[in-house]
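Structure, as structure tokens:
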Amino acid sequence: MQTLTKPKVINRLNRIEGQVRGIARMVEDDRYCVDVLIQLQAVRAALLRVESEVLKDHLDHCVMGALTGDDPAERKAKANELIELLGRASR
């Protein structure tokens, strides 16, 4: 992961961790189900944003490095890795 991306991702994940702990407290306190569900949706959205940031970093750094490099096996491996990753995301 690139130097500038890592602290941003860690910061976001720490915030998400706090959100999840807050949701656990909501459940323990028997909060209204709709309020819990709204917070769960917010966590999912936040995780998707982190996933998008990590994917962008991977494309900018690892995949582009392989595609512009001289090793055809590495290019093919990165392309296959990306295809597999995107296939898993669509399930």
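The values are calculated or read from the model by the stated rules, or taken from the named source; none is laboratory data. Owing to the predicted nature of the structure, the values given are computational and were not obtained by experimental measurement. Glycine gets a Cβ as well: all are built from the backbone with ideal geometry, and neighbour counts include every protein chain shown.
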Only residues that are in contact (Cβ under 8 Å) with a residue 12 or more places away in the chain and either under 21 Å from the mean Cα position of the chain (by Cα) or part of a loop (DSSP other than H, G, I, E, B) (or both): list them for the range 62-78, please. CYS62, VAL63, LYS78
Return only the number of the condition from (1) modelled with pLDDT of 85 or more; (2) loosely packed, with under 12 Cβ neighbours inside 10 Å that ASP60 does not satisfy. (2)
Residue list for the range 20-50, restricted to those being touching a residue at least 24 places away in the same chain (Cβ under 8 Å) and surrounded by fewer than 16 Cβ atoms within 10 Å (Cβ to Cβ): LEU47, ARG49
